[in-house]
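First comes the structure, then the notes that go with it.
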Amino acid sequence: MYATHLVCKGCGSEHPLEARFACDRCFGPLEAAYDREAIAAGVTRELIESGPSTLWRWESFLPVRAPGRGLPVGNSPLIQADRLAAELGLDCELYVKTETSNPTHSFKDRVVAVAAAKSVELGYEALACASTGNLAGATAAAGAALGLPTYIFVPSDLEPEKIIAAAAYGATVFVVDGTYDDVNRLCSELAYDRPWAFVNVNMRAYYAEGSKTIALETAEQLGWRVPDRVIAPIASGSLYTKILQGFEEGRSAGLLDDGPDPVMHGCQGAGCAPVATAFAGGSDQVVPVKPTGIAKSLAIGSPADGVYALDVARRTGGSIEAVDDEQIVEGISLLAAATGVFTETAGGVTAGVLRKLAERGEIGAGETVVVYITGDGLKTIDAVRPVVRTIAVSPDPDDVDAALERRLASTR
Ligand SMILES: *Cc1c(COP(=O)(O)O)cnc(C)c1O
Ligand SMILES: [Zn+2]
């Protein structure tokens, strides 16, 4: 393992690789640090290519050894989306990285795989999490696979698909009367005096590292190239910032050719857009909001990595955009019809932002653009219910023909 310690993003102080909620000097967030020179000396493309076809292929970039058990996570498809590009009038190489292939159908399986492996290594006997939706299922499934009791905390306004799935894995699910930010605060209190590994609270430094694998995987799938432009959703801002870090670490290891950072676009739903608002206002401060809107998996009103996300957008010449509920649903429908990928509302946010950037003419000809689709449409089926149509017929071919005629006439 190349990870050496945890470092505070606030004051730079160093801490051992243990379960820690925050820096005990300044309360800043903690992050895993690595022996970068040893990685550059020891890790080659050949070594990676001979590794497992899961996220543990990237073990050298993770703060825990591959556990040898647990669900197979990662290696999600990178789909070239020519028809979507054409539909948007884009003359670029457009790709959709589709995280719906993970065991619980979202990118959260990656962060949980890393946090759960570290929790086992540190001797924890229970997993827990504060979830905006997808983390609930991912943590519950990981707990079931590893044989650990699992405690899930979710806000009460969550999609039932996500709550029921988490409970089906046998997890103990607490439905909290409050927002995600209330749930997160509750879990921070609980984590103090309970022997539970909260994957995104006291294990957050390890959890966050899992997101780097989505970038490293993308680069390998592109033939060891870094894309020119990235479009990715923001809830806490962790995934978005770790995607850039993944590309940077792949370069510093000598796996990827040097070049400019990708232009990083972050995406939020207008009902919960504190980072997009700060970006638009030129501010360095993210002012907390009370979330509304259909993009519930992104509904973090007080995002832990919001200021770092602002820095990533500004440093790379990118932006942080917001789209409203109507644009989210349009994004879901556009992506589904033009690529065959059906995404949940978070992916609708990303697709909506892609369309917005295309309309603004920001995406150049010949660029390699990667759009991250982080969750499955079957989990937020109510979002599209109002915009889809079905036709009731009797089991009679004539009835089908007549219905088709009527439908043609109505759309003419
Ligand atoms: C959690 C989540 C995200 C983003 O999470 P961050 O907290 O910003 O890392 C994006 N998409 C989906 C579907 C999610 O569940
Ligand atoms: Zn500190």
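Observations, loosely collected:
- Of all residues in region 210-252, those satisfying the criterion of being among the polar types (S, T, N, Q) and outside any helix (DSSP H, G or I) are Ser211, Ser236.
- Test result for Leu255, more than 23 Å from Ile332 (Cβ to Cβ), outside any strand (DSSP E or B) and open to solvent by less than 10 Å² (accessible area, probe 1.4 Å): yes
- Counted residues, region 196-247 - those being of a type in the set (Ser, Thr, Tyr) and in contact with an Asp or Glu (Cβ under 9 Å, 6 or more places away or on another chain): 4
- Qualifying residue in region 55-66 (condition: within 20 Å of the chain's Cα centre (by Cα), crowded, with 21+ Cβ neighbours inside 10 Å and within 25 Å of Thr380 (Cα to Cα)): no
- Where strands (runs of 3 or more DSSP E) sit wholly within region 1-99, those with at least 3 residues that are touching a residue at least 12 places away in the same chain (Cβ under 8 Å) and within 16 Å of ligand 2 (Cβ to nearest atom) occupy 3-8, 30-34.
- One residue alone among Gly318, Gly364, Gly348 is within 14 Å of ligand 1 (Cβ to nearest atom), modelled with pLDDT of 95 or more and open to solvent by less than 50 Å² (accessible area, probe 1.4 Å), and that residue is Gly348.
- All positions within region 260-301 that are closer than 19 Å to Glu362 by Cβ, part of a strand (DSSP E or B) and within 15 Å of ligand 1 (Cβ to nearest atom): Met264, His265, Gly266, Cys267, Gln268
The values are calculated or read from the model by the stated rules, or taken from the named source; none is laboratory data. Note that this is a predicted model, so its numbers are computed, not measured. Note that we place each Cβ from the backbone using ideal geometry, even for glycine, and neighbour counts take in every protein chain shown. Please note that ligands, DNA and RNA were not included when accessible areas were found on the heavy atoms of the full protein model with its side chains. Shrake-Rupley method; radii C 1.70, N 1.55, O 1.52, S 1.80 Å.
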